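The values are calculated or read from the model by the stated rules, or taken from the named source; none is laboratory data. Everything quoted here is computed from the prediction, not taken from an experiment. Every residue, glycine as well, gets a Cβ built from its backbone with ideal geometry; the counts of neighbours run over all protein chains shown. Side chains are part of the model used for accessible areas, which takes the heavy atoms of the whole protein and leaves out ligands, DNA and RNA. Shrake-Rupley method; radii C 1.70, N 1.55, O 1.52, S 1.80 Å.
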Amino acid sequence: MIHQLGSVLVVLATTEALTCAVFYGLFFRWWTSDEGRHLFTFMGVVAAAMTLWTVLLVAGGTAWTPTPAGPREWARTLTFAAIAWILGDRLRLLAKGKRAERRRGKEDAQ
């Protein structure tokens with residue numbers, strides 16, 4: 001059961017990483033500063049690495065195969081739980097930043 005949970009967390013983290021990179025790339029002016037370019041590149045590389053991990057996991061046919069709950073499986077599950085949590089928080093911060101940006105734009109227009 002722990003292996004399947006770890007696999008779900010890998011897929012969840014990948015989905016969040018891709019969503020963060022696409023959301024930031026489409027809705028923020030990341031190209032206007034060094035920090036923005038770095039952040040976009042960083043998120044893109046994380047998304048690419050997570051996508052590769054997911055493709056290899058699914059293509060290898062071991063994503064849902066029951067595996068004994070040893071230390072390696074627990075470490076994998078806890079690591080990807082942390083990654084999924086932090087990427088979810090990054091997505092929350094991006095959405096919060098975009099809402100604040102829109103609010104400022106509406107106030108400036110009035």
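If you check 43, 50, which single one turns out to be in contact with a Leu (Cβ under 8 Å, 6 or more places away or on another chain) and either surrounded by 11 or more Cβ atoms within 10 Å (Cβ to Cβ) or at pLDDT 95 or above (or both)?
Details: 43 fails: in contact with a Leu (Cβ under 8 Å, 6 or more places away or on another chain).
On inspection, the qualifying residue turns out to be 50.
Quick one: is residue 26 open to solvent by 30 Å² or more (accessible area, probe 1.4 Å) and in a helix (DSSP H, G or I)? Spell out the reasoning first.
Working: open to solvent by 30 Å² or more (accessible area, probe 1.4 Å): yes; in a helix (DSSP H, G or I): yes.
Spelling it out, residue 26 is indeed open to solvent by 30 Å² or more (accessible area, probe 1.4 Å) and in a helix (DSSP H, G or I).
Which is out of contact with any helix residue (DSSP H, G or I) (no Cβ under 7 Å at 6 or more places or on another chain), of a type in the set (D, E, K, R) and surrounded by 12 or more Cβ atoms within 10 Å (Cβ to Cβ), of 72, 37?
Working: 37 fails: out of contact with any helix residue (DSSP H, G or I) (no Cβ under 7 Å at 6 or more places or on another chain).
Step by step, each of 72, 37 is checked, and only 72 is out of contact with any helix residue (DSSP H, G or I) (no Cβ under 7 Å at 6 or more places or on another chain), of a type in the set (D, E, K, R) and surrounded by 12 or more Cβ atoms within 10 Å (Cβ to Cβ).
When the stretch 3-23 is filtered for residues that are touching a residue at least 60 places away in the same chain (Cβ under 8 Å) and over 12 Å from residue 64 (Cβ atoms), the ones remaining, listed by number, are 9, 12, 13, 16, 17, 19, 20, 23. Applying the selection to the stretch 82-108, what residues are among the basic types (Lys, Arg), within 14 Å of the chain's Cα centre (by Cα) and either farther than 21 Å from residue 11 by Cα or open to solvent by less than 100 Å² (accessible area, probe 1.4 Å) (or both)? Hit for the stretch 82-108 is 90, nothing else. For the stretch 8-31, the count of residues that are polar (S, T, N, Q) and modelled with pLDDT under 95 is zero.
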